[in-house]
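Q: The structure is given below, and queries will be raised subsequently.
Throughout, read-outs are computed from the coordinates displayed, never taken from laboratory work. Source: prediction; values computed, not measured. Glycine also receives a Cβ, built like all others from the backbone with ideal geometry; neighbour counts cover every protein chain displayed.
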Amino acid sequence: MIRENVTEQGNIYGKWQITEDTWCITDGWHNFVYLLIGEEKALLIDSCSGEGNIRAVVEGIIEKPVMVLNTHGHFDHTGGNSCWPEAWMTKEAAVHAKEPFGPIHEKWFRSKPYQDYKIHYIENGQRIDLGQKIVEIISIPAHSEGSVAVLDKNTRFLFTGDEIESGQVIWIVRNQSVSLKELAQMHKMNMEKLLEFRQDYDYIWPAHNGVPLYPDRYIQDFIELDKLIIEGRQQVMEDTAGFGFPADNQTIVNPFQDYGKLCRTQYGTASVIYSESSVVYHNK
Ligand SMILES: [Zn+2]
């Protein structure tokens with residue numbers, strides 16, 4: 001018997017309360033999504049992969065209306081959107097939000113219902129009023145086109161999606177017009193942009209692996225690593241093994257196996273997995 005919130009793999013959603021008005025929800029795929037509760041409505045930052053019924057988990061926490069917002073368009077962040085009739089994301093994120101992440105997910109993705117939710121666009125600098133709680137959108141695209149961070153000045157939390165995290169930030173060069181060095185340049189500019197808001201947050205909450213993160217160390221280390229990549233001086237590790245990532249890209253469950261040889265590089269707390277081959281993935 002399969003219960004509603006138990007996946008085919010036997011996983012179930014977990015949740016925990018971080019502050020009076022902030023919760024974290026996780027699924028069996030090491031995704032962390034966040035529920036920010038205002039006086040009038042709640043904001044769900046990302047929606048996991050579409051397994052089970054994440055809406056039932058959210059409604060088990062609060063009864064207020066929920067606005068679903070995606071940090072970017074990858075399916076492990078947008079898959080649960082369709083539990084609600086609409087979702088908010090950048091125009092660039094919307095291009096890929098209803099596609100599987102990679103070819104190995106095609107069949108599984110096609111078995112998912114409800115891809116017909118309505119998309120509303122958000123943009124850099126936009127403020128969203130949840131009632132006695134206003135969050136701000138900060139555009140930080142590098143890992144994915146259209147990535148945003150969400151700043152909650154009340155709790156002094158910054159939610160960064162996949163653009164900063166403890167295991168590895170993944171840059172798959174999918175578009176031949178953007179090189180690895182250009183991605184590193186974009187990422188460095190984004191890190192410097194987050195430093196401009198540094199007086200407004202104490203902790204970074206990424207979408208994968210360890211949470212929360214100490215901002216001063218992670219942002220500075222990522223800036224240094226970005227610089228090394230821009231200058232072509234990064235150290236390539238022996239293999240890609242790391243926090244939540246397999247040693248090589250041959251593992252059957254690895255969604256990155258179709259993107260050619262991957263490399264890991266790191267500096268201090270910052271680590272990046274990248275593919276230098278330009279692979280253009282078309283969803284067919
Ligand atoms: Zn992603």
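Q: Amide H neighbours of HIS208 under 5 Å, at least 5 residues apart or on other chains, H built in the peptide plane: list them.
A: PHE32
Q: Here's a follow-up. Among the listed pairs LYS64/LYS188; LYS98/LYS261; LYS133/LYS193; LYS153/LYS188; LYS107/LYS188, which have their C-alpha atoms separated by more than 32 angstrom in this model? Present the calculation step by step, with values, prior to reporting the outcome.
A: On the way: LYS64/LYS188 38 Å; LYS98/LYS261 26 Å; LYS133/LYS193 22 Å; LYS153/LYS188 23 Å; LYS107/LYS188 36 Å.
Correct reply: LYS64/LYS188; LYS107/LYS188.
Q: I would also like to ask the following. Report the residues of the stretch 46-74 in range of a label on ASN154: point 7 Å along Cα→C-beta, backbone N strictly under 15 Å from it.
A: Counting backbone N atoms under 15 Å from the label point, the list is 62-67.
Q: Determine the gain in length on full extension of the stretch ARG110-LYS91; use 0.36 nm per residue of separation and subtract their C-alpha separation, reporting nm with one decimal. It would help to have the intermediate numbers written out before the result.
A: Working: separation 19, 0.36 × 19 = 6.84 nm, distance 2.31 nm.
Full extension from ARG110 to LYS91 adds 4.5 nm.
Q: Moving to a separate point now. In percent, what relative contact order does the stretch 14-275 have, based on Cα pairs under 8 Å that are 6 or more apart in sequence? Spell out each step's value before the answer.
A: Details: 564 pairs, mean separation 36.8, N = 262.
Relative contact order comes out at 14 percent.
Q: Which FRET efficiency value, to the nearest 0.05, do you get for ALA247 and ARG127 by plugging their Cβ-Cβ distance into 1/(1 + (r/R0)^6) with R0 = 45 Å?
A: Numbers: r = 43 Å, r/R0 = 0.96.
It comes out at approximately 0.55.
Q: Which net charge results when you count Lys and Arg as +1 and Asp and Glu as -1 among the other residues whose beta-carbon is under 15 Å from that of LEU35? Don't skip to the end; give the middle numbers.
A: On the way: positive: LYS15, LYS41, ARG55, LYS64, LYS133; negative: GLU20, ASP21, ASP27, GLU39, GLU40, ASP46, GLU59, GLU63, ASP152.
Charge balance near LEU35 sits at -4.
Q: Along the Cα-to-Cβ line of ASN5, 7 Å from the Cα, sits a label point; which residues in the stretch 57-84 have backbone N less than 19 Å from it?
A: Inside the label zone: 57-69, 77-84.
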